[in-house]
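The values are calculated or read from the model by the stated rules, or taken from the named source; none is laboratory data. Quantities reported herein were computed from a predicted structural model and do not represent experimental measurements. Note: ideal-geometry Cβ built from the backbone for every residue, glycine included; neighbour counts use all protein chains shown.
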Ligand code: 5GP
Ligand code: MN
């Protein structure tokens, strides 16, 4: 982050402010960890702050310190709109475009007169914020929030609560420190967070060891549906609404399923197509190994984006229609998909 921006933010935060902090829609560990960490930090400075998530988030994150205070725009539009209108500063975390919070909330944020500050690590950020801390090379927004607090000279304010939130998002976004986005700096920060009171073992248990029997049955169904397109070193999984219903799908249950395809030897791209009848879309997750950019692929064909090796998108066709479209596009990428 540029020195002039840091100084401007330091000046801004000298007086108590009314602040709203927003993660992306369907928030994940990094989105919730970073917003809650920033929340606890800003409260410790004496500001008024609220975290407003666009919609609900998975149960496996609902132990994070402060989770009970999180408001959901989808559940309480009136109160959330009022908080946004009354805010002086809006922090947007872990997303790069206002469309990522959904149309209605996106419009409200766009027209709000509050000063906006973005902290995010996704590619091709839109320039909607006055101050932008955007860096696509950093593992997670949580790592960036750690840096942000450090930029402001406040490392000493990172207590066990903030450390727990930050560690959670770094752990989830790096696939427990295994993705190439993990740097020595990431591990140093994780180590420092442990020193400050984050319990790595407890956090891992809370996030990953809370499977239900139904979720494992759904995983079994997903793996049964896994197909390999050998010519393109690609694997894909599909889950229909009927299959999700059969195993009483709950938000977050399909988290990580796409990685099974990528764990197959020689696979360069793995994809999961998930039917969502309520939203009338097929939600698609893309993962890749090496230089194949699923960000470009999702952006070009499926109205999405993300990072080089992890991106999301959507299709407004049927489940089969989305898969057929996907398969028809692959020949154009044959060379790029060579191992
Ligand atoms: P996931 O597949 O786990 O939903 O998302 C993978 C990555 O891509 C995450 O960093 C997520 O924020 C981003 N992402 C997911 N869906 C979309 C989308 O529709 N548009 C954009 N720009 N990014 C997305
Ligand atoms: Mn993230």
Fill in the blank from the handout: By residue number, the members of the stretch 71-102 that are under 19 Å from residue 130 (Cβ atoms), touching a residue at least 60 places away in the same chain (Cβ under 8 Å) and not in a loop (DSSP other than H, G, I, E, B) are 84, 86, 89, 90, 91, 92, 93, 100, 101
Handout entry: Any hit, the stretch 179-194, residues being crowded, with 19+ Cβ neighbours inside 10 Å and out of contact with any helix residue (DSSP H, G or I) (no Cβ under 8 Å at 6 or more places or on another chain)
Key = yes
Fill in the blank from the handout: Checked the stretch 288-330 for anything within 16 Å of ligand 2 (Cβ to nearest atom), in contact (Cβ under 8 Å) with a residue 24 or more places away in the chain and in a loop (DSSP other than H, G, I, E, B); matches are 307, 308, 309
Exercise for the section: Return yes or no: is residue 119 in contact with a strand residue (DSSP E or B) (Cβ under 7 Å, 6 or more places away or on another chain) and within 15 Å of ligand 1 (Cβ to nearest atom)? Expected result: yes
Handout entry: Matching option when the condition is out of contact with any helix residue (DSSP H, G or I) (no Cβ under 6 Å at 6 or more places or on another chain), closer than 27 Å to residue 242 by Cβ and in the same structural domain as residue 240 (by TED's automatic domain parsing), among 277, 258
Key = 258
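For residue 105, indicate whether it is within 19 Å of the chain's Cα centre (by Cα), within 16 Å of ligand 2 (Cβ to nearest atom) and part of a helix (DSSP H, G or I).
no
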Handout entry: Given (1) in contact with a strand residue (DSSP E or B) (Cβ under 7 Å, 6 or more places away or on another chain); (2) surrounded by fewer than 19 Cβ atoms within 10 Å (Cβ to Cβ); (3) part of a loop (DSSP other than H, G, I, E, B), number of the condition residue 14 does not satisfy
Key = (1)
Problem - Residues of the stretch 226-253 satisfying the condition of being surrounded by 19 or more Cβ atoms within 10 Å (Cβ to Cβ) and touching a strand residue (DSSP E or B) at 6+ places or on another chain (Cβ under 6 Å) - result: 234, 235, 236, 237, 238, 239
Completion exercise
Screening 320, 303, 295, 309 for residues that are surrounded by fewer than 19 Cβ atoms within 10 Å (Cβ to Cβ) and touching a strand residue (DSSP E or B) at 6+ places or on another chain (Cβ under 6 Å) leaves only 303
Practice task
Kindly indicate whether any position in the stretch 56-66 is away from ligand 2 (no atom under 16 Å from the Cβ), surrounded by fewer than 18 Cβ atoms within 10 Å (Cβ to Cβ), part of a helix (DSSP H, G or I) and touching a residue at least 12 places away in the same chain (Cβ under 8 Å).
Solution key: yes
Handout entry: Qualifying residues in the stretch 133-152 (those that are away from ligand 1 (no atom under 16 Å from the Cβ) and in contact (Cβ under 8 Å) with a residue 40 or more places away in the chain) - the one farthest from residue 199 (Cα to Cα)
Key = 133
Exercise for the section: Tell me, yes or no, whether the stretch 227-240 has at least one residue that is assigned to a strand (DSSP E or B) and within 23 Å of residue 169 (Cβ to Cβ). Expected result: no
Completion exercise
Taking the stretch 22-55 and keeping residues away from ligand 2 (no atom under 16 Å from the Cβ), in contact with a strand residue (DSSP E or B) (Cβ under 7 Å, 6 or more places away or on another chain) and closer than 18 Å to residue 12 by Cα leaves 39, 42, 43, 47, 48, 49, 50
Completion exercise
Of 162, 189, the only residue that is assigned to a helix (DSSP H, G or I) and under 17 Å from residue 21 (Cβ atoms) is 162
